[in-house]
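Worksheet for the structure shown next.
The values are calculated or read from the model by the stated rules, or taken from the named source; none is laboratory data. Computed from a predicted model, the values in this text were never measured in an experiment. In this analysis, Cβ positions are derived from the backbone assuming ideal geometry, glycine residues included, and neighbour counts consider all displayed protein chains.
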């Protein structure tokens, strides 16, 4: 997978780091990554003087201690590609802005971050904000996720961003290796269908055939790398729940979805309610695919929450 040569992993120094480190190794083997940067960001590394007197060993720079703790976890759990070089960075500052700026400063291809749905909102919303603002694609790993998948699901709406997701999804399948990907389109019946004189069932059939035609056209524009496609169509008003139910039936699944971007000097990413909803609610790994370099203006990324 040519896209993901430089990975960055956001660690928390908790029990969930093990899974993130293992997943980073999993991805690095598939992508034959060159580097993985493990990062921990803290608001402050300050240690009160009275504590230092009790524990004089804490006189050493706290950043060094944190980097050693990260390296210990990586040594125990990282089983990556033999050519992948791990690096470590412990830094003090605003977490969101620092991580976003690092994706640009270190020319990162893929950011890997954990997600804890039951955590306080300030913590659980971080993956969504990172996916929205990072300058690269973002892989969100829910807590307690098994470090494995044998199916790849690509929800599509036939936009250019869907084509990008199909490209990445097929690349992951090729590297896994898997012989096919699942492609899901959720379509809706327009509220004014009755004005056509057609019944609900008749117009549902028309919408389904239209979706099938659009998918054939979309697939003709993508290099699927000899990976097969299993298409599915779902008539559901709630697209996020439709994807969620389908992914649940598949089992160990990686969901690959295209993020929506907009052009301009800032080139800010608008994830959209679908991608954002999947990251927040689906208990499967979600890869939000972005063209490298898409993201917020660096000053806005650092200062905004």
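Tally time: how many residues in the range 277-291 are modelled with pLDDT under 90 and closer than 16 Å to residue 169 by Cα?
Of the residues in the range 277-291, 2 are modelled with pLDDT under 90 and closer than 16 Å to residue 169 by Cα.
Which pairs have Cβ atoms under 9 Å, sit 6 or more apart or on different chains, and link a residue in the range 89-105 that is in contact (Cβ under 8 Å) with a residue 24 or more places away in the chain and on the phi > 0 side of the Ramachandran plot to one that is part of a strand (DSSP E or B) and buried (at least 18 other Cβ atoms within 10 Å of the Cβ)?
Listed by first residue and then by second, the contacts come to 93/41.
Residue-wise test of (1) surrounded by 12 or more Cβ atoms within 10 Å (Cβ to Cβ); (2) outside any strand (DSSP E or B); (3) touching a helix residue (DSSP H, G or I) at 6+ places or on another chain (Cβ under 9 Å); (4) without any contact (Cβ under 8 Å) to a residue 40 or more places away in the chain.
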| residue | (1), (2), (3), (4) |
| --- | --- |
| 234 | yes, no, yes, no |
| 240 | yes, yes, yes, no |
| 245 | yes, yes, no, yes |
| 249 | no, yes, no, yes |
| 256 | yes, no, yes, no |
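Scan the range 104-113 for residues that are at pLDDT below 95 and within 14 Å of the chain's Cα centre (by Cα) and jot them down.
none
If I filter the range 25-37 for residues that are within 17 Å of residue 96 (Cα to Cα) and either surrounded by fewer than 20 Cβ atoms within 10 Å (Cβ to Cβ) or at pLDDT 95 or above (or both), do I get at least one hit?
The answer is yes, given that some residue of the range 25-37 is within 17 Å of residue 96 (Cα to Cα) and either surrounded by fewer than 20 Cβ atoms within 10 Å (Cβ to Cβ) or at pLDDT 95 or above (or both).
Considering every residue within the range 147-155, establish whether at least one is modelled with pLDDT of 90 or more, surrounded by 18 or more Cβ atoms within 10 Å (Cβ to Cβ) and over 15 Å from the mean Cα position of the chain (by Cα).
Checked against the condition, which is being modelled with pLDDT of 90 or more, surrounded by 18 or more Cβ atoms within 10 Å (Cβ to Cβ) and over 15 Å from the mean Cα position of the chain (by Cα), the range 147-155 yields at least one hit.
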